[in-house]
């Protein structure tokens, strides 16, 4: 807006000062936004670089095992000398192959989720059976560390409409994390409840090393991995929690983590009994 002809010099000066100050503040805000965007992009690029470096190790380890043990199986002298060794090497190849397949599946899941092409196959299923089946999948590893796994499941858990395979994947991911970061002899508890009408809730609680609030934020990012002196020795892609969170949100549910260092972690998800609801109805 222009300055009125009859305005006093003081008024004109104040008007110019006000206009200049407004332009200056706009420029400051724009530069601040650009710096924030650049910082965020740099952090994202660094996280992806760290992820790819870690992924190189995760892929090479099982591949080297497959190649190394298959080379031994191709050695005529080794096959002739020991059938027991042949069976042992075949088992190790099988284990490494399954591990590699799991890594690739996680990467493909993240890719589909981020591209918006991920779809669920909803059907009526038993939440109790999903949890029991997931627990059976990891019980051998849990037993190897002499950990105690308790399933606190009411006998009358309701049937739900969900993708049972993907829901089982969520529970397996949470149990695998709990097992990995809980010391030998630790305790893991899975609790399921019909929390409010139309909603069911599942919590996986462990007595592991725990996380800080800052580490929780990192752990939930698709390319983020918690790094500390106590977690570097644990192998893994770091995709388990982000995938679990995304799968629950695709079910129209909510996903949360509470954790205390040196005490343990509880991961809770809540989903509707009858399939995904509109966003405004996703709060039980």
Before we move on, is residue 178 in the same structural domain as residue 272 (by TED's automatic domain parsing), touching a helix residue (DSSP H, G or I) at 6+ places or on another chain (Cβ under 6 Å), in a helix (DSSP H, G or I) and within 23 Å of residue 219 (Cα to Cα)? no
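Give the residues of the range 249-277 that are outside any strand (DSSP E or B) and within 22 Å of residue 150 (Cβ to Cβ), sorted by residue number. Show your work before the answer.
Residues of the range 249-277 outside any strand (DSSP E or B): 249-253, 261-263, 273, 275-277.
Once the filter is applied, which keeps residues that are outside any strand (DSSP E or B) and within 22 Å of residue 150 (Cβ to Cβ), the range 249-277 yields 262, 263.
A quick yes/no check of all residues on (1) without any contact (Cβ under 8 Å) to a residue 60 or more places away in the chain; (2) crowded, with 17+ Cβ neighbours inside 10 Å; (3) on the phi > 0 side of the Ramachandran plot; (4) not in a helix (DSSP H, G or I):
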position	(1), (2), (3), (4)
88	yes, no, no, no
119	yes, no, no, yes
129	yes, no, no, no
135	yes, yes, no, no
141	yes, no, no, no
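The values are calculated or read from the model by the stated rules, or taken from the named source; none is laboratory data. What you see is a predicted model; the values in this text were computed from it and never measured. When we count neighbours, we look across all protein chains shown, and the Cβ atoms used for this are built from the backbone with ideal geometry, even at glycine.
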